[in-house]
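The values are calculated or read from the model by the stated rules, or taken from the named source; none is laboratory data. Note that the structure is predicted; figures quoted are calculated from it, not measured. All Cβ positions, even for glycine, are placed from backbone atoms using ideal geometry, and neighbour counts span all protein chains on display. Please note that ligands, DNA and RNA were not included when accessible areas were found on the heavy atoms of the full protein model with its side chains. Shrake-Rupley method; radii C 1.70, N 1.55, O 1.52, S 1.80 Å.
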Amino acid sequence: MTSRENRNDQLLESALVLSADLPLQVVLQRIIELAVNLTGARYGALGVVGSDGRLRDFITTGITPEERQAIGPLPVGEGILGVLIREARPVRLRRISDDPRHVGFPRNHPLMESFLGAPVTARGQVFGNIYLTEKQGAPQFTAEDEAALLVLATQAGVAIENARLYEETKRRGQWLEAVREISSAILAGAEIDGVLQTIARRARELVNAATATIVTPAAGESGSLTIKVADGAHAAELVGLPVPTEGSVSGDVTRDGRPTVLADASRDDRAYQPMVALGNMGPMVLVPLVLRGRPFGTLAVANAVGGAAFDEEAVRLVESFANQASVALAYGRAQRELNRLSVLDERERIGRELHDGVIQSLFSVGMGLQATAARSRDPEVESRVEAAVAEIDRAIRDLRNYIFGLRPGILADRQLEQALEDLAREFEEKSGVTTVTDIDGTVAAELAPRAADLVQLTREALSNVGRHAQATTCRVSLHRQDDEAVLEIDDDGQGFDTGAPPAGQGLRNLKDRGIAIGGRVAVESKAGEGTTVQIAIPI
């Protein structure tokens, strides 16, 4: 058998390798070994490029694992290797070092002179490069060697393309199944934490990551983040870990709304190292969670330190799951709001029934009893009837309390008293002015429909005390005076001349607001003797 016939047989063998049900790595390893045997090369390598155009995988023959480790990091596709990818045509050199595009060899790299390389292509797309060095028994590779290598390069391209198409089809099926699972959970009203856990798990599985986390704002802590859910390695340790908004990539992504890819989080100053160390995180992808057009958290996937990096396709997949997480959170909020509104509607209905039914009936009974008392000539009967009417009035006030309590946004009878006391305490804490209260609870109950306005009037008056009075003590009181309720805010400050033009809008605002609710506002003050603001409201 001639040498040419032997070479054709070997090329046919390589085609049979492609048809075998073997992993891609095994197929490529056999192709590069066959290329070395066919051409008489000493060394051979096959590089596969990622979506970023840089070499992602590098398969060699002719060097031992120890020699490969001593060389250090794998090539990324620069120099002549990059030419094969960019120009997509074969390169044959007698001496590598004579080519001006050569960038040199790393330390501990074997000596190489003659060179033959070709792009690995399929359907016009470059998937990597294949090259041979050190032709044995001749100063350089031949045209026949080049032709054989082009055949093998094409076969390698077909193998890579088929593997990627298979992986893409498989990954798309997984993505659709994941979306179906997540959507079903959302529509079924599953707990939001469970939905987020599913999203993290699916995102991690789809990109073959070691760990996935979802970081959201910490409950009750403005400006702070926490790891809401985690899946994969170190998940139990990571859940609940606080993450600062400043000094973390999660905070940056949440603030800027842009995905971030870290080649090695353990060596990146932008990463929050307590989180990275706890999760043993190396390569990492972080994408924003967006709600109503605004980023509020992050979905991140990571591999262990020294693990595989993530390509652009992985980033796109993680972004798609971040969108799912955002939809889940938005839907969860909408469901909670609908439930809240449903409760409010029911409370409103109950309140309306109490007001229009029970209260009106009690009121009619009270009016009837009062009419009976007016006709009675027996003082004892009249006294008992009046006591019964007073008891009915108290029952009506209690019912009104319940009604206002069922209608959030309106201060209930007893809430006005508490609100005034809370205002006084808050003012004292902020201003340092000793503030006391003297509130008649019965009067406060009768003023419930105007409670919000009275609270605002008190807040405005206290604000004036804090800004201008230079007082040491202040008093907030509410009491009945004839047929009026009187709210007073007085202080022992420096006072002022009430006849002088006002220095600001504070007093005018107080008077306008008092008139708006049917009351009147009086201000008494003398220089050095303090100030009293009195708001009288008809009952």
Relative to the chain, whose Cα atoms define the longest principal axis, helix 413-431 and its Cα axis are tilted in degrees, nearest 10, by 70
Helix 360-375 sits off the longest principal axis of the Cα atoms of the chain, rounded to the nearest 10 on a 0 to 90 degree scale, by 10
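Viscosity 1.306 mPa s, temperature 10 °C: what is the translational diffusion coefficient of the range 22-163 from Stokes-Einstein with a Kirkwood Rh over Cα pairs, rounded to a whole number of µm²/s? Write down the numbers at each step before the final one.
Details: Rh = 14.9 Å.
Taking Rh from Cα pairs, D becomes 106 µm²/s.
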Note: R258 to S463 extended length (0.36 nm per residue) minus current alpha-carbon separation gives 69.5 nm
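Considering Cα pairs under 8 angstrom that are at least six residues apart, work out the relative contact order of the chain and quote it in whole percent. Before the final figure, lay out the partial values.
On the way: 913 pairs, mean separation 37.6, N = 539.
Relative contact order for the chain comes out at 7 percent.
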With label points set 7 Å from each Cα along the Cα-to-Cβ direction at L291 and R316, the distance between them in nm comes to 2.9
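For the chain, what does the helix formula give at 222 nm: sum of -39500 (n - 2.57) over DSSP H segments with n ≥ 4, over the residue count, nearest 500 deg cm²/dmol? Display every interim value, and only then the final one.
Numbers: 16 runs with 264 residues, N = 539.
After summing the helix terms and dividing by the residues of the chain, the value is -16500 deg cm²/dmol.
On a 1.4 Å probe surface of the protein chains, which of K526, K170, K135, K430 comes out largest in accessible area, and what is the full order? It would help to have the intermediate numbers written out before the result.
On the way: K526 130, K170 100, K135 40, K430 160 Å².
Accessible-area ranking of K526, K170, K135, K430, largest first: K430, K526, K170, K135.
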With the convex hull built on the alpha-carbon atoms of the range 434-489, volume per residue in Å³ sits at 75
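Let me check I've understood the local charge: for L369, count other residues with C-beta under 12 angstrom from its C-beta, Lys and Arg +1, Asp and Glu -1. What total comes out? All intermediate terms of the calculation are to be shown ahead of the outcome.
Numbers: positive: R375, R384; negative: E382, E386, E391, D393.
That works out to -2.
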Residues whose built amide H sits under 5 Å from the amide H of A41, excluding neighbours closer than 5 in sequence, are Q136
The simple spin-label model distance between V103 and E426, using points 7 Å out along Cα→Cβ, in nm, is 6.3
Pseudo-spin-label distance E144 to A527, built 7 Å along Cα→Cβ, given in nm, is 11.8
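For Q136 and L362, compute 0.36 nm times the residue count separating them, minus their Cα-Cα distance, and round to one decimal in nm. Don't jump to the answer; show the numbers that get you there.
Numbers: separation 226, 0.36 × 226 = 81.36 nm, distance 11.21 nm.
Separation in residues times 0.36 nm, less the Cα-Cα distance, equals 70.1 nm.
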Whole-percent carbon and sulfur contribution to the accessible surface of the chain (1.4 Å, no ligands, DNA or RNA) stands at 50
Highest mean packing first, using Cβ neighbours within 10 angstrom, the peptides 528-535, 103-110, 28-35 sort as 28-35, 528-535, 103-110
Note on the range 55-99: C-alpha Rg/Rh, Kirkwood Rh, two decimals, gives 1.00
Once E78 and D438 are pulled to full extension, the length gained, defined as 0.36 nm per residue separation minus their Cα-Cα distance, is 121.3 nm
Note: the chain, point scatterers on Cα, Debye, no solvent; log10 I/I(0) at q = 0.06 Å⁻¹ equals -0.58
Heavy-atom accessible area of S364, protein chains in place, probe 1.4 angstrom, given in Å² to nearest 10, is 80
Over all Cα pairs of the range 187-329, the Kirkwood radius sets Rh, and Rg/Rh then becomes 0.92
Excluding residues fewer than 8 positions from K526 in its own chain, the lysines with Cα under 25 Å of it are K511
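In Å², what does the accessible area per residue of the chain work out to with a 1.4 Å probe? Please list the in-between numbers first.
Details: 28710 Å² over 539 residues.
Value returned for the chain: 53 Å² of accessible area per residue.
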Nearest 10, in degrees from 0 to 90: the angle of helix 312-353 to the longest Cα principal axis of the chain is 20
Rounded to the nearest Å, the spacing of the alpha-carbon centers of the range 90-150 and the range 272-337 is 42
